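Colleague: Right, I'll just put the structure down here and ask away after.
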């Protein structure tokens, strides 16, 4: 009797399995979506041994968002029911845009929206007809028909490719206990209350998220918009439009778009890289413009060296003259300005009136270590790249590099600044007074060890000075390029610094470090092709246009978790400064919101506000032309 029962059970499983696979295949889909209209597409049912893996791709016939034709991708599961099929899908509601116009996400939107499809077999052709209805039918109510079943293809018709990788290893229990004791008061802040007991919070591992989903689709369909496993409303459509704007272009096409945009940010009266007020179409001085203008000059220099485009040389020369003015306008060779503006009264804050012959301009005090990197970077690359017709600008570089080395307070205010300043001055002037000073500092064993160790590159358990890491890579590239240009035997030390810093930061997807190491690390190895490919993906992720007008807040989704560690903890203000709060997740660039320069922004930041101030494309152009100059990727990408 027992054997008979087992046989019956086995036959039941066998027959159910065989019957279950009868719906397997790709079906033509057509239907009507309440509020969105008619559509066509296809549904895939792929048997997994227990149920069906369900994929649904449909495109609306008349519904568009802006100039983009809208389609939808769903994934879920399906199971046989008497004379039909049940389908289950979970859709995201709140993702990363909390509010837009009259639309907003609520606390209830944190949960996934469950959608159930109920289909019945109809007619001799065995078509399936039914509807999808969400728990809240105002969100999803769809009537659909599936017909003309055909065999599966080898690969699914759609794959959601989002992946998550740890940025570091977990701490040992002893170290974790030490960290949690150190930040125990921080953990009691109300903002952390809903996360303290979450497993992810307790594990304290920060992760980087990459999401190439829809990349190939947008490359083939640049005027499309495909919403994946989300509700379809203005916020979700806008969220997906950021991905579409990132993935619809080649790297070079995006560079061309950012070249045009960035020209609007250059103030014609000063040559400085300003912010741009899109409401009034006016320039707003950026307090860090000495750095961003120098980085822009470097990017244009690389562009000129790669392409020979005269426009790049003209852009270089114009902004180099702006850098010259930063050093000349103060009337004191020891000091330089942070940025410039056309003269305005009254003078407020750190603004100063320009000395003769610059009385038509104001300058912002006071140049510092960060801004000095912009001067170094711009002067170096400008000198390397300017064509002969700009000899007077090259002479200006020689004169001002010498002035920095002889008199500059910040330029000589610490061994590393003095070392870089004198190396640059020696390269452009050939004067031994600078070469001897450089050799003395660069030969110090402690200095060699510091640089070879990564020049201060740092990331530990989600904690870093992200802006400082940008300054570190710029500084190391300056030293490496100078060493290459002058035949300096210390080039290997500087390359080792690139390698060390890259290895410290590698799991944080450090685009500039990857490109610099890939291009300059010839004696100490080279970044792997896998890592270089990730740098390509970071540029692919880079949104166009910049999402400055959108508020971003990752904490509106249930899957997001606060980090147990504050940003920049050495500032000792994490109990009173909400800006020190950060998350456990680093998102793709198109989900991260805008910043004046994305490569220096904290990738674990929680939120960014909407603004009418648009930053330039200096960050994208810097990385793109760096990759092109070092032949990490080519013009066809």
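The values are calculated or read from the model by the stated rules, or taken from the named source; none is laboratory data. It should be emphasised that the depicted structure is a prediction, and the values quoted were computed from it without experimental measurement. Note: ideal-geometry Cβ built from the backbone for every residue, glycine included; neighbour counts use all protein chains shown.
Results for (1) surrounded by fewer than 18 Cβ atoms within 10 Å (Cβ to Cβ); (2) assigned by TED's automatic domain parsing to the domain that holds residue 270; (3) touching a strand residue (DSSP E or B) at 6+ places or on another chain (Cβ under 9 Å); (4) more than 28 Å from residue 485 (Cβ to Cβ), shown as yes or no for each residue.
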| residue | (1), (2), (3), (4) |
| --- | --- |
| 316 | no, yes, no, no |
| 333 | yes, yes, no, no |
| 340 | no, yes, yes, yes |
| 357 | yes, yes, no, yes |
| 363 | no, yes, yes, yes |
| 368 | yes, yes, no, no |
| 375 | no, yes, no, no |
| 381 | no, yes, no, no |
| 386 | no, yes, no, no |
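Colleague: Please find, among 227, 205, the residue that is at pLDDT 95 or above and in contact with a helix residue (DSSP H, G or I) (Cβ under 6 Å, 6 or more places away or on another chain).
Modeller: Within the list 227, 205, the selection yields 227.
Colleague: Have a look at 624, 620 and point out the one that is over 18 Å from residue 467 (Cβ atoms) and crowded, with 22+ Cβ neighbours inside 10 Å.
Modeller: 624
Colleague: Report, ordered by the first and then the second residue, all pairs with beta carbons closer than 7 Å, sequence separation of six or more or different chains, a first member in the range 214-235 that is over 13 Å from residue 65 (Cα atoms), and a second member that is modelled with pLDDT of 95 or more and in a helix (DSSP H, G or I).
Modeller: Short answer, once both residue conditions are applied: 214/243; 214/247; 215/247; 215/540; 218/244; 218/247; 219/247; 230/236.
Colleague: So for the range 133-148 (the condition being surrounded by 17 or more Cβ atoms within 10 Å (Cβ to Cβ) and either without any contact (Cβ under 8 Å) to a residue 24 or more places away in the chain or outside the structural domain of residue 91 (by TED's automatic domain parsing) (or both)), does at least one residue qualify?
Modeller: Looking through the range 133-148, at least one residue is surrounded by 17 or more Cβ atoms within 10 Å (Cβ to Cβ) and either without any contact (Cβ under 8 Å) to a residue 24 or more places away in the chain or outside the structural domain of residue 91 (by TED's automatic domain parsing) (or both).
Colleague: With the condition kept exactly as written, say whether any residue in the range 541-549 is over 17 Å from residue 295 (Cα atoms), part of a helix (DSSP H, G or I) and over 17 Å from the mean Cα position of the chain (by Cα).
Modeller: no
Colleague: With the requirement that a residue be surrounded by 16 or more Cβ atoms within 10 Å (Cβ to Cβ) and either within 19 Å of residue 310 (Cα to Cα) or within 22 Å of the chain's Cα centre (by Cα) (or both), what does the range 258-286 give you?
Modeller: Result: 258, 259, 261, 262, 265, 266, 271, 273, 274, 275, 276, 286.
Colleague: Further, regarding this structure: So is residue 326 part of a helix (DSSP H, G or I), farther than 30 Å from residue 449 by Cβ and touching a strand residue (DSSP E or B) at 6+ places or on another chain (Cβ under 9 Å) or not?
Modeller: yes
Colleague: From (1) crowded, with 20+ Cβ neighbours inside 10 Å; (2) more than 27 Å from residue 319 (Cβ to Cβ); (3) touching a helix residue (DSSP H, G or I) at 6+ places or on another chain (Cβ under 8 Å), pick out the condition that doesn't hold for residue 504.
Modeller: For residue 504, the failing item is (3).
Colleague: Out of everything in the range 600-611 that is out of contact with any strand residue (DSSP E or B) (no Cβ under 6 Å at 6 or more places or on another chain) and not in a helix (DSSP H, G or I), what residue ends up being surrounded by the fewest Cβ atoms within 10 Å (Cβ to Cβ)?
Modeller: The first filter runs over the range 600-611 and keeps only residues out of contact with any strand residue (DSSP E or B) (no Cβ under 6 Å at 6 or more places or on another chain), leaving 600-602, 605, 609-611.
So of that shortlist, the ones also not in a helix (DSSP H, G or I) come out as 601-602, 605, 609-611.
Numbers: 601: 19, 602: 20, 605: 20, 609: 11, 610: 15, 611: 18.
Selected residue: 609.
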